[in-house]
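Enquirer: Take a look at the following structure, please.
Derivation of every value follows stated rules applied to the coordinates shown; laboratory data play no part. A quick note: this is a predicted structure, and the numbers were derived from the prediction, not measured. All Cβ positions, even for glycine, are placed from backbone atoms using ideal geometry, and neighbour counts span all protein chains on display.
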Amino acid sequence: MSEPHGYLGQALRGERGRRGWTLREAERRCGGALSNCYLSQLETGRVCNPGAVAIDALARLYDMTHSDIVRLACTDVELAAHAASEAVRS
C-alpha cells in the first residue's frame with residue numbers, strides 16, 4: 001500500500017482517539033469481536049479489506065454506517081491496486 005495509513009485506518013484511529021480509547025479498550029467495547037491486534041492492523045493499513053463480521057463490529061463500535069466503512073475500505077484497496085500497478089510499470 002502506498003499510503004501507510006489509509007483512509008479507513010485514519011478514520012478508525014480518529015474515532016478511537018476522539019473517544020480516548022486504547023486499542024485494548026476498543027477490543028473490550030466490541031466484546032472481543034475484533035482483537036486489539038486486528039484493530040491496529042486496520043489502523044496502520046496492514047489490513048485494508050475487513051470482512052462482513054469486522055465491518056459490522058466496527059460500525060457498532062464507532063457508530064458508523066456499514067456503507068461508510070465499506071467506502072473507506074474500497075478506497076484503500078483501490079489505492080493499493082494502483083500502487084501495485086505503478087510498481088509493475090517501473
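Enquirer: Beta carbons within 10 angstrom, averaged per residue: use that to sort the peptides 36-45, 58-67, highest first. If you can, show how the numbers build up before the last one.
Expert: Numbers: 36-45: 18.7, 58-67: 15.4.
Packing proxy ranking, top to bottom: 36-45, 58-67.
Enquirer: Could you check the simple spin-label distance between C74 and A87, using points 7 Å along Cα→Cβ, in nm with one decimal?
Expert: Distance between label points: 2.4 nm.
Enquirer: Related question: In whole Hz, with x marking every Gly and Pro, tabulate ³J(HN,Hα) for segment 47-59 from phi via Karplus 6.51 cos²θ - 1.76 cosθ + 1.60, θ = phi - 60°.
Expert: Couplings: 10, 10, 9, x, x, 4, 5, 5, 4, 5, 5, 5, 4 Hz.
Enquirer: So the label point goes 7 Å from the Cα of H66 along Cα→C-beta, right? Which residues of segment 22-43 then have their backbone N under 13 Å from it?
Expert: Taking a point 7 Å out along Cα→Cβ of H66, no residue of segment 22-43 has its backbone N under 13 Å.
Enquirer: What does the charge count near T65 come to, summing +1 for each Lys or Arg and -1 for each Asp or Glu among other residues with Cβ under 12 Å from its Cβ?
Expert: Within the 12 Å Cβ shell, the charges total -1.
Enquirer: In addition: So for C48, C74, fewest C-beta neighbours within 10 Å to most, what's the order?
Expert: Listed from fewest to most nearby Cβ atoms, that is C74, C48.
Enquirer: Continuing with this model, one more query. Evaluate the Kirkwood expression for the hydrodynamic radius of segment 1-68, namely the inverse of the mean inverse distance over all pairs of different C-alpha atoms, and round to one decimal in Å. Working shown, then result.
Expert: Values: mean 1/r = 0.0852 Å⁻¹.
After inverting the pairwise mean of 1/r, the radius is 11.7 Å.
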